[in-house]
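Just below is one structure, and these are the notes that go with it.
The values are calculated or read from the model by the stated rules, or taken from the named source; none is laboratory data. Keep in mind it's a predicted model, so treat the numbers as computed, not measured. Here the Cβ is made from the backbone with ideal geometry for all residues, glycine too, and neighbour counts use every protein chain on show.
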Amino acid sequence: MLRERIMIRVLSIGALAVLAGWLHPALALAVQEHGAPEGIYSHQGAHLFFTASMGLLIYWLRQRRLVREAGWRCIQYAALFFILWNLDAFTAHFLDEQSGILDTAMSAPGKIKIEVDENLTALAWFYYIAKLDHLLCVPAMAFLYAGLRRLLKDAGQRRAGAGSP
């Protein structure tokens, strides 16, 4: 009973904080500008670390043969999409903020112009496609959710089959 009351209190405080943010959205504190050079270096390092971590996760899932179960297999796919997303985001950040070979400028509200030398137009297209990183990140999160949901379902079935109260 006490545990439930604490949980309700924590969720209520969280809901009030979210509501307060919606009602008074003066600052977008979640937006990070990568200040040169420390901000972008630490951010790029985080992409590389996350990529290596997901690679290690895939290795151990396969090494322990956990991918035979559907839930772990989905988590493996999530890790693969997270690797692709991180490599894509790393590349886009490098082109955008570190390479100096392209520049972006706001040409109109909602429109950005990618400026490159005439002999690098293919790079502009590559950069544009790289900025569509959500096409890799969203499937990664969907696979992660599906995998966790399946693992939870399988655990519940095993518990019910074992006759636990």
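Here are the numbers for this structure:
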| item | result |
| --- | --- |
| Hits in region 113-141 - residues which are surrounded by 11 or more Cβ atoms within 10 Å (Cβ to Cβ) and among the polar types (S, T, N, Q) | Thr121 |
| Condition check for Gly161: over 30 Å from Ser42 (Cβ atoms) and among the small types (Gly, Ala, Ser) | yes |
| Test for Leu144: is it surrounded by fewer than 17 Cβ atoms within 10 Å (Cβ to Cβ), at pLDDT 95 or above and of a type outside the set (Gly, Ala, Ser) | no |
| Where a residue in region 93-106 is modelled with pLDDT of 80 or more and buried (at least 16 other Cβ atoms within 10 Å of the Cβ) and its partner, wherever it lies, is of a type in the set (A, V, I, L, M, F, W, C) and part of a strand (DSSP E or B), with Cβ under 9 Å and at least six apart | Leu102/Ile114 |
